[in-house]
Amino acid sequence: MAVYGDSDQIKTMLRADESIPFGADIDSRIDALNSAISLAIDEDTGRVFGTAATVTDELHWIGPYSTIVLNRPATAVTSITYGGTLSGSTMTGGTTVLAADLANLITTSDGLIYAVSPVTGGIWSWYDYPSSYQTATLTPVVVTATYDDATDPVPADIVYIANYMIAERLKVEKAGPAGFTGPAGDIVPVRDVFSDPLVKRVLRKYRVVNRALVV
C-alpha cells in the first residue's frame with residue numbers, strides 16, 4: 001500500500017524550535033501512524049492514491065431498459081458485453097459493444113459517468129430474448145470501465161492533511177490522561193483531526209460518491 005505522509009514535513013510540524021532533535025523512536029512512530037492514517041483516508045474516501053486507475057470488468061444486472069446505471073462512477077467506459085456464458089461474476093463469449101456505440105447518458109461536470117446506453121438498438125434483454133419483451137427478468141451485462149477509485153500521483157492536499165493528522169496523533173500519544181500536551185510541556189488542547197474543517201473539506205473533495213438515480 002502507498003503511504004501519504006512526508007516524514008520530514010511531519011517532523012517540521014512537530015518542532016517547537018529548529019534545534020530540537022528527533023530519535024529513532026519518533027521515526028518508528030511516524031512510520032506506523034503513516035500507514036494507519038493512510039488506510040483511514042482510503043476508507044473514508046473510498047479510493048486509493050498513488051496508484052493509477054486500471055480498466056476493470058464489472059458485472060451488472062439490469063432490467064428491461066436500455067440505460068445501464070453503473071454500480072459506481074467511472075471516468076471512462078470501454079465496452080459492454082452481453083449474451084455470454086456467465087460463471088459467478090465472469091462472462092465468457094457474448095457480444096461486445098464498444099465505446100463508439102455507447103452514449104454516456106448521465107455524467108457530472110467533472111467528467112464522472114453514472115449511466116450509459118447504446119447509441120442504437122433496443123432493450124438489452126431483447127438481444128438475448130428477441131422474440132418477446134422481457135419484463136420479469138434481469139439481464140447480466142459486463143461493463144468494462146475505468147472506475148473513479150484511484151488517483152495518481154498523490155494530490156498535494158492529501159499529503160498535507162496526512163502530515164497534519166499524523167502530527168496531531170503523535171501529540172495524542174504524548175498527552176496526559178486529561179488530553180493536554182504541548183511541544184515544550186505547555187498545556188495545549190489535543191485536536192480532533194477528523195473534525196478539522198480543512199481535513200473534512202479535502203476528504204469530501206476526493207470521496208467517491210454513489211448517487212441515487214431514477215431512469
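The values are calculated or read from the model by the stated rules, or taken from the named source; none is laboratory data. Small disclaimer: the values here were computed from a predicted structure and weren't measured. Here the Cβ positions follow ideal geometry from the backbone for every residue, glycine too, while neighbour counts run over all protein chains shown.
For segment 73-123, the tally of residues that are within 30 Å of Lys205 (Cα to Cα) and in a loop (DSSP other than H, G, I, E, B) stands at 5. Pairs, please: C-beta under 9 Å, at least 6 apart or cross-chain, first residue on the phi > 0 side of the Ramachandran plot and in segment 106-120, second surrounded by fewer than 18 Cβ atoms within 10 Å (Cβ to Cβ) and assigned to a strand (DSSP E or B)? Cβ pairs passing all conditions: Gly111/Thr75; Gly111/Ala76. Within segment 187-195, one or more residues are modelled with pLDDT of 80 or more, within 21 Å of the chain's Cα centre (by Cα) and under 22 Å from Asp31 (Cα atoms). None of Val143, Val172, Val215 is surrounded by 12 or more Cβ atoms within 10 Å (Cβ to Cβ), at pLDDT below 85 and not in a helix (DSSP H, G or I) except Val215.
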